[in-house]
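Worksheet for the structure shown next.
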Amino acid sequence: MAFVIKFADDNDFYANIDIKVGKGSGGWDDILLVKALLKLIYSPNKGVYKSPLPKPLTVSSRFDNSTAILIKHFQHRFQKMPRPDGVVSRTYERLISDAGKYTIIHLQLEAQRVLRLLEKPGTVLSYLRLTYPELVSSLSTKSAPGVMSEIASNEGGAHEIFRNP
């Protein structure tokens, strides 16, 4: 299930995934989250980046060949991966200097850049919540009933996780 993470060294919130998204894997909302970010980055209506696909990506909870193509294109173009794997994995840290890691964070940073270029107010999380209501409960940062907040720590540093049980 997609969820929100806040890193100790950063004031921003990021969407994260539980199950890696790639061929044959991914939870429904994890796939939906990745496809929504790709759609924003490569949307022909917004005219920011040209998509390698012949038609616009359809955002759904199903992983398909179009999703695989866009993930690999993104990893090659934006993360400079020499051999993109087409997989978006969960992150435990906000390390973006390593081009081979954390496509989920790179997607959000690029999506935020697109929103700024389009002069759209707000954050990527607010855009996702407004545009894809089915992600609202997964991407909550409110201290509401049912939303658990936990502090976790590993070699990547401390971070706070917000998730609906």
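Can you tell me which condition I104 does not meet? The list is (1) modelled with pLDDT of 90 or more; (2) over 15 Å from K35 (Cα atoms); (3) among the β-branched types (V, I, T), and all the others hold.
Result: I104 fails condition (2) only.
Output the qualifying pairs, or none if there are none: Cβ atoms under 7 angstrom, residues six or more apart or on different chains, first residue in segment 99-117 and assigned to a helix (DSSP H, G or I) and small (G, A, S), second residue modelled with pLDDT of 90 or more and surrounded by 15 or more Cβ atoms within 10 Å (Cβ to Cβ).
A111/L37; A111/L40; A111/I41; A111/V124
Each row is one residue, and each column tells you yes or no for (1) of a type in the set (V, I, T); (2) free of Cβ contacts under 8 Å to residues at least 24 places away in the same chain; (3) surrounded by fewer than 16 Cβ atoms within 10 Å (Cβ to Cβ).
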{"site": "D29", "(1), (2), (3)": "no, no, no"}
{"site": "L37", "(1), (2), (3)": "no, no, no"}
{"site": "Y42", "(1), (2), (3)": "no, no, no"}
{"site": "L53", "(1), (2), (3)": "no, yes, no"}
{"site": "P56", "(1), (2), (3)": "no, yes, yes"}
{"site": "D64", "(1), (2), (3)": "no, yes, yes"}
{"site": "T67", "(1), (2), (3)": "yes, no, no"}
{"site": "H76", "(1), (2), (3)": "no, yes, yes"}
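Read through the list (1) closer than 17 Å to E110 by Cβ; (2) under 14 Å from the mean Cα position of the chain (by Cα); (3) not in a loop (DSSP other than H, G, I, E, B), then give the number of the only condition that I31 fails.
(1)
Name the residues in segment 57-86 that are farther than 15 Å from I41 by Cβ and among the aromatic types (F, W, Y), would you?
Listed by number, the list holds a single entry, F63.
Report yes if I41 is under 17 Å from the mean Cα position of the chain (by Cα), more than 17 Å from I19 (Cβ to Cβ) and either acidic (D, E) or at pLDDT 90 or above (or both), otherwise no.
In short, yes.
Would you pick out the residues in segment 78-96 that are of a type outside the set (D, E) and touching a residue at least 60 places away in the same chain (Cβ under 8 Å)? Please lay out each step first, then the result.
Looking only at segment 78-96, we keep the residues that are of a type outside the set (D, E), and these are 78-84, 86-92, 94-96.
Of everything in segment 78-96, those that are of a type outside the set (D, E) and touching a residue at least 60 places away in the same chain (Cβ under 8 Å) turn out to be G86, V87, V88, S89, R90, T91, Y92, R94, L95.
Can you find, within segment 45-65, the residue that is modelled with the lowest pLDDT among those that are hydrophobic (A, V, I, L, M, F, W, C) and more than 19 Å from L135 (Cβ to Cβ)?
V48
The values are calculated or read from the model by the stated rules, or taken from the named source; none is laboratory data. Given the structure is predicted, the values throughout are model-derived calculations rather than measurements. No Cβ is skipped: glycine too gets one built from the backbone with ideal geometry, and neighbour counts run over all protein chains shown.
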